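To start, the structure itself, in structure tokens.
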Amino acid sequence: MRFARFVFIGAGVWGVAALTPFYWLVDITGRHYLPPVDYPHFFYGFFSVAMAWQIAFLIMGSNPARFRPLMIPGILEKFGFVTTVAVLSARSRISSADAQAAIADLILGILFVVAFVKTRGRWPATEYSGPLSSQH
């Protein structure tokens, strides 16, 4: 359980630290691509959704056994980005330097899978208090 806690809390802290500056770096991003001010709803929307996932990772890290089912969409989030970047890179739609941004997500995605496997069978039924639990 300690491994999963470390992985998800670490991912959440890393993500918050890595994403937060982009809220103020719109002008720098616009130097290499169309300025994000041309599509602010996508730019800020992406970072808002990504930031929400960082908070979800912190929550998962607080109790990996309880929040184990949320690890699955977390894994999909990481590998979804990696797959998108790989396809864009293979089609020469982004530079190799831009493709390197997916390395951290690839590593975290692998760690998320390991954490998911290591927490198998550790989801105590007594902790679940959803509508299908026997405690109601």
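Here is how the numbers come out for the structure above:
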item: Residue match in segment 15-29 (condition: surrounded by 13 or more Cβ atoms within 10 Å (Cβ to Cβ), modelled with pLDDT of 95 or more and either part of a loop (DSSP other than H, G, I, E, B) or touching a helix residue (DSSP H, G or I) at 6+ places or on another chain (Cβ under 6 Å) (or both)); result: yes
item: Counted residues, segment 46-78 - those being in contact with a Leu (Cβ under 6 Å, 6 or more places away or on another chain) and touching a residue at least 40 places away in the same chain (Cβ under 8 Å); result: 1
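The values are calculated or read from the model by the stated rules, or taken from the named source; none is laboratory data. Being a predicted model, the structure only gives us computed values, none of them experimental. For neighbour counting, all protein chains shown are included, and Cβ atoms are generated from backbone atoms with ideal geometry for every residue, glycine included.
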